[in-house]
Every structure is written in C-alpha cells, then in structure tokens.
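This report concerns only the one structure given below.
The values are calculated or read from the model by the stated rules, or taken from the named source; none is laboratory data. Predicted, not measured: the structure shown is a model, and the values here were computed from it. FYI the Cβ positions are ideal-geometry reconstructions off the backbone, even for glycines, and counts take in every protein chain you see.
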Amino acid sequence: MKEFAVFWGCTIPARFPFIEKSVRVVLERMGLPWTECDGFTCCPEKSLINNIDHGLWVLTGARNIAIVDEQGLDLVSPCTGCISNLATIKGELHVDHRKKEEVNSMLKEVGRRFTGSAGLNHLVPFFHDKVGAFRIKGATKRDFRGMRFAIHYGCHMMRPYHALKNDDPLEPKKFDALIGWLGGESVNYMTKLTCCGQGLDRVDQHPTALQMARVKLRELNSLGVDAMVLCCPSCFLQFDNNQFLMEKDGESFGIPVLYFTDLLGLAMGCSPEELGLGQHRISVDGFLEKWERLNAARDTEKRLEEELKEEGAFI
C-alpha cells in the first residue's frame, strides 16, 4: 500500500479531538503506512469561502494538494467535506489548464506547485478499496453479530460524483459492506441518504436544522437500531450534539452515534477509553452493554462446544 498523509481538516481537531484519537488508534493498530504533513490549512470550507471568493477557495485547496503532490503521497481524510472540496478543486484544475497555470503562478510565490498527482480518498472508501475485507476481518477480534446499525452516508462522501467517483451516489454500498465485514447488520431505512441538515445551523436556521435531525432520529427510534454510524464531523455534530440539545428539551431518542473508526477500533480490541467514547454527548453505555452480553454468550457457547468435544474424545 502506498504511503498516505492524513488530512484532519478543521472541525475534528478543534471540536472533536476524540474522533482524531479514534482514527489515530485504528491506523496505528492496523499498521497502515500513514504520516502527517506540515503546512495543511482549512480545506477550505465550501459553503462559506467558495461563496465569498471562488478563486481563493480554489487556490487554498490547490495549495493543500500541492503539499502531498510534492512528497509523492496520497491523501486520506476522515472528513467528507474536506475530501469533497479538495477533489472538486482538483477536478476543476484538471479540466481548466488556464486556471491551473494561474494558480501555479501564485503558488510559485510560496514555493509550491500543484500537479494533481496525489490520490484523494475519504476514510470509508479507503478502508473498503485499499485496506480491504481480508485485512479488516483479520484484524477483528470481536465482531458485531446480532447488532443493527443505521449508516448515515452524508452528502459529501459520494458527491460530487464526477470528482470523487468512489461509490454510487444514488445507491452507495461500500459503507454497508464495511459494517457487514465487522459482522453487523446495516439496516435500510427511508431517510438513509438524506442530508443531516447541519449546514442550516451556519446560516441561522437552527430550528430547521433540528427538525431535519429529528425526522431521521424518529425513524431510527421506531426501527430499534443499536447505533448510528457515520464518518463526517458535521454529521456527528448534528446527530450527537444536537440530539443532546433536543433531549435536554425533553425529547427522547437515546441513539448512540459512532464514528466508523469507533466501531472498527472496538472490533479490533481497543477499549472504549482508548477511543474516547466517553466524550460523546449521547451515551454509548447501553450499546456497549448489549455488545458485551452478545459476546459473552458467544464465548460461553464456544467454551461449551469445546468441552463437549473434549468429553467426546475420552468416550
């Protein structure tokens, strides 16, 4: 596997350091060839920067990509928004050579050059395509058989498709496959591919943002899922933090929200403390208790089978 740099973005280190820890722990435990690069900035964020100054948006993204271009690395990000923005900028510069020359003339002033040679990957398709089922299953010590998960893809994991091309934008499968490789059941539900609504908080539409979260949480509550699994810090903010705010106002959902690396880390034998699960706003205790019960029952069953085999050997 080619060495890659992790692009953390802004939101994860600033607001959710426990997500960063979860990703770091999993990458280290799996022995993947990752590194960090000095000099990364905001991706930059699309809805704010791009709407104010498109040229600045492209230039900033091109500079970030140039950092990995120069080192011959690929880039992997646990943030769907970051990878969507960077891939969109890379695609735009590949088809507009005049703009690419203009960007490189400005980057030259800071000793950088954009070539677009680096592969850009989001964490979920990266684990599906590059790490693969064999390695993931080989690292799994305790699976999630008997547990039902609601995957939230979010808007930017597959879109824009022309720039990312990492899954079907209308019927994505890769995140579901990862859950299956860990033994869990990925539940199909009506609002699976709807936007989380968190972007509305940025334009002073907090009640509407809460309502978009509420619609999905109510559906998941009716389905009795064990947890929601996602891989986007904005979506995490919406379904963990904002769910907590709704519960403070008297609404009851109680749906644990896990990052994909939380689930993978647990399956690999990491403790909840190592992964920072105690820092989630919505408690994951009930989820962990059920998982422990299921594993204990399987361990007991396995032990009884081994004892019966040993007794049979002496008959």
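Summary of computed values
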item: Number of positions in segment 283-310 that are crowded, with 19+ Cβ neighbours inside 10 Å and either over 25 Å from residue 221 (Cβ atoms) or within 18 Å of the chain's Cα centre (by Cα) (or both); result: 1
item: Pairs where the first residue, in segment 106-132, is outside the structural domain of residue 179 (by TED's automatic domain parsing) and among the β-branched types (Val, Ile, Thr) and the second is exposed (fewer than 14 other Cβ atoms within 10 Å of the Cβ) and assigned to a loop (DSSP other than H, G, I, E, B), C-beta under 9 Å, 6+ apart; result: 131/1
item: Answer residue from segment 120-134, given it is surrounded by fewer than 16 Cβ atoms within 10 Å (Cβ to Cβ) and of a type outside the set (Phe, Trp, Tyr) and is nearest to residue 80 (Cα to Cα) among those; result: 129
item: Pick from segment 193-208, criterion in a loop (DSSP other than H, G, I, E, B) and out of contact with any Phe, Trp or Tyr (no Cβ under 7 Å at 6 or more places or on another chain), ranking: surrounded by the most Cβ atoms within 10 Å (Cβ to Cβ); result: 197
item: Residue list for segment 37-91, restricted to those being touching a Leu at 6+ places or on another chain (Cβ under 9 Å), surrounded by fewer than 24 Cβ atoms within 10 Å (Cβ to Cβ) and of a type in the set (S, T, N, Q); result: 50, 88
item: Residues located in segment 228-272, provided they are under 17 Å from residue 288 (Cα atoms), of a type outside the set (Val, Ile, Thr) and either outside the structural domain of residue 202 (by TED's automatic domain parsing) or in a helix (DSSP H, G or I) (or both); result: 240, 260, 262, 263, 264, 265, 266, 267, 272
item: Pair list, Cβ < 7 Å and 6+ apart or interchain, from segment 286-315 residues that are without any contact (Cβ under 8 Å) to a residue 24 or more places away in the chain to residues that are assigned to a helix (DSSP H, G or I); result: 288/272
item: Criterion (in contact with a Ser or Thr (Cβ under 9 Å, 6 or more places away or on another chain) and either under 29 Å from residue 244 (Cα atoms) or assigned by TED's automatic domain parsing to the domain that holds residue 246 (or both)) met by exactly one of 213, 150; result: 150
item: Test for residue 250: is it at positive phi, surrounded by fewer than 23 Cβ atoms within 10 Å (Cβ to Cβ), more than 11 Å from the chain's Cα centre (by Cα) and without any contact (Cβ under 8 Å) to a residue 24 or more places away in the chain; result: yes
item: Any pair with Cβ under 8 angstrom, 6 or more apart, that starts in segment 40-69 at a residue that is outside the structural domain of residue 90 (by TED's automatic domain parsing) and ends at one that is loosely packed, with under 12 Cβ neighbours inside 10 Å and aromatic (Phe, Trp, Tyr); result: none
item: Top-ranked residue in segment 4-28 [being in contact with a strand residue (DSSP E or B) (Cβ under 6 Å, 6 or more places away or on another chain) and of a type outside the set (A, V, I, L, M); ranked as nearest to residue 128 (Cα to Cα)]; result: 4
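Let's see how each residue does on (1) of a type in the set (Gly, Ala, Ser); (2) outside any loop (DSSP other than H, G, I, E, B):
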site: 5; (1), (2): yes, yes
site: 25; (1), (2): no, yes
site: 28; (1), (2): no, yes
site: 41; (1), (2): no, no
site: 63; (1), (2): no, yes
site: 68; (1), (2): no, yes
site: 86; (1), (2): no, yes
site: 91; (1), (2): yes, yes
